[in-house]
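The values are calculated or read from the model by the stated rules, or taken from the named source; none is laboratory data. Source: prediction; values computed, not measured. Neighbour counts run over all protein chains shown; Cβ positions are idealised from the backbone, glycine included.
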Amino acid sequence: MLEVKSLNFAYRCGRQILEDVSFSVPSGACLAVLGNNGAGKSTLLGCLARLLRPQRGRALVDGEDLLAMSAAQAARTVALVSQFAPASRLTVYDMVLLGRRPYLKWDFTAADRALTEEALERLGLEGLALRYADQLSGGEGQKVQLARALVQQPRLLLLDEPTSSLDLRSQYEVLGLVSQLCREKRLTAVVVLHDLNLALRFCGRFLLLHGGRVYAQGDPSVVTPRAIRDVYGMEAEVRELDGVPVVIPSFSAGGAG
């Protein structure tokens, strides 16, 4: 379980990005972080990944203070899939195997390699195992990052726009896998997304940020036409199709300014 309490972050210039952000996500759940550009979504993930240091607030994973953990303990607790896949002359296999570094003693074990092969197979990357990472497409690189995060066996999985480089089929495959892993392995996932319909299809919990503050949080019922108008400045309808809420923008109606 992830509990974030009164998180505040500002840059040295004094610009406040996050203000008193509090929310919780149970184990086994996937939380979609939604909001317009500049709302603080990626900054929130940066704080949870310990890339940024908040001025105030706490983040607890199963009751343990993530921000107070040692680097080694944090590496075994949280994994980040960033928006851009790093270029490297390592092979895909070695890139994924490096997800086991937080557990490394003398050398990688047979169990480490078995986990790596399982992750490659689960993401359909077996055929790319010996290819160099800097030879991959953007979508393939995103899948490699996710595979490396899986072999890290974290309790908290952070994903910053994981579908930004993926084609439509791969978007559904990757988010479907994340949702499935949350249920199977009792992972807590926090996913920054721009596509509301992908979020509504694959995530069960929602955090709407507006101006660095929490506008709303909860189940899919918080994604309402009024919330979309207030957070995104546009009109939209929310209808249900085969049991899944679907957002339909009303461009003809104009924005709310």
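A few comments on the model shown:
- Meets criteria (at negative phi and not assigned by TED's automatic domain parsing to the domain that holds Ala59) for Glu140: yes
- Count of the stretch 1-35 residues which are outside any strand (DSSP E or B), among the hydroxyl-bearing types (Ser, Thr, Tyr) and out of contact with any Ser or Thr (no Cβ under 7 Å at 6 or more places or on another chain): 1
- Any hit, the stretch 120-131, residues being among the small types (Gly, Ala, Ser), assigned to a helix (DSSP H, G or I), within 17 Å of Ala79 (Cα to Cα) and assigned by TED's automatic domain parsing to the domain that holds Leu97: no
- Tally, over the stretch 85-95, of residues that are under 19 Å from Leu166 (Cα atoms) and modelled with pLDDT of 90 or more: 1
- Test: residue in the stretch 171-187 that is small (Gly, Ala, Ser), touching a residue at least 24 places away in the same chain (Cβ under 8 Å) and under 30 Å from Ala119 (Cα atoms): yes
- Residue match in the stretch 45-66 (condition: out of contact with any Phe, Trp or Tyr (no Cβ under 7 Å at 6 or more places or on another chain) and either outside the structural domain of His210 (by TED's automatic domain parsing) or hydroxyl-bearing (Ser, Thr, Tyr) (or both)): no
- Residue in the stretch 231-242 that is in a helix (DSSP H, G or I), farther than 20 Å from Val21 by Cα and in contact (Cβ under 8 Å) with a residue 12 or more places away in the chain present: no
- Taking the listed residues Ala32, Ala49, Ala59, the one that is buried (at least 16 other Cβ atoms within 10 Å of the Cβ), in contact (Cβ under 8 Å) with a residue 40 or more places away in the chain, in contact with a Cys (Cβ under 6 Å, 6 or more places away or on another chain) and under 22 Å from Glu161 (Cα atoms) is Ala32, with no other qualifying.
- Residues of the stretch 119-147 classified as over 21 Å from the mean Cα position of the chain (by Cα), acidic (Asp, Glu) and either more than 18 Å from Ser170 (Cβ to Cβ) or surrounded by 14 or more Cβ atoms within 10 Å (Cβ to Cβ) (or both), total: 1
- The selection criterion, being touching a Cys at 6+ places or on another chain (Cβ under 9 Å) and either under 25 Å from Cys47 (Cα atoms) or part of a loop (DSSP other than H, G, I, E, B) (or both), does not hold for Leu146.
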